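Asker: Starting off with a structure, shown below.
The values are calculated or read from the model by the stated rules, or taken from the named source; none is laboratory data. Note that the structure is predicted; figures quoted are calculated from it, not measured. To get the accessible areas, we keep the full protein, side chains included, count just its heavy atoms, and leave off ligands, DNA and RNA. Shrake-Rupley method; radii C 1.70, N 1.55, O 1.52, S 1.80 Å.
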Amino acid sequence: MGVKKLSIDPKTLARAAEILRVLAHPARLNVIELLRSKQRSVGELVEALDLPQAMVSKHLALLKRVGLLASEIDSNYRYYSLANTKVLEVLNCIKKSCSKGE
């Protein structure tokens, strides 16, 4: 019996693992959910998450590093948006499989 070939190549699996490690925090999942409908400033995210600005900035930097977020500066404000909307499929899956009452 031969070795079965993986249906997903190892580089893709490694990338997925990196993204999933970054997503594996409630605040970062909340950021993705908050950015589902529109871009938001750092201040808006700080207020919505009720976390210190420095902590929110660290979460945003991690999400941006793995390619999930994009940012732009307008005047003195930095706005974040989803760079990869496919991540919403992960959140939809979480909602379906992890909601209470299931």
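Asker: Give the accessible surface of the chain per residue, rounded to a whole number of Å², with probe radius 1.4 Å and ligands, DNA and RNA excluded. Can you show the working numbers first?
Answerer: On the way: 7400 Å² over 102 residues.
Ligands and nucleic acids excluded, the result is 73 Å² per residue.
Asker: Could you work out what % of the accessible surface of the chain is carbon and sulfur, using a 1.4 angstrom probe and leaving DNA, RNA and ligands out of the count?
Answerer: About 56 percent, which is the carbon plus sulfur part of the accessible surface.
Asker: Based on the Cα coordinates of the chain, what is the per residue volume of their convex hull in Å³? Walk me through the numbers on the way to the answer.
Answerer: Details: hull volume 12.7 nm³, N = 102.
It comes to 125 Å³ per residue, whole-number rounded.
Asker: For n ≥ 4 DSSP H runs only, could you compute -39500 (n - 2.57) per run for the chain, divide by its residues and tell me the 222 nm figure to the nearest 500? Could you put the intermediate results ahead of the total?
Answerer: Working: 5 runs with 56 residues, N = 102.
Theoretical 222 nm ellipticity from helices: -16500 deg cm²/dmol.
Asker: Considering lysine pairs in the chain that are 8 or more places apart or on different chains, how many have Cα atoms under 20 Å apart?
Answerer: On the way: Lys11/Lys64; Lys11/Lys86; Lys38/Lys64; Lys38/Lys86; Lys38/Lys95; Lys64/Lys86; Lys86/Lys95; Lys86/Lys96.
Here the count comes out as 8.
Asker: Another one. With an 8 Å cut-off on Cα pairs and a minimum separation of 6 or more residues, tell me the relative contact order of the chain in percent. Present the calculation step by step, with values, prior to reporting the outcome.
Answerer: Details: 80 pairs, mean separation 26.3, N = 102.
Rounded, it is 26 percent for the chain.
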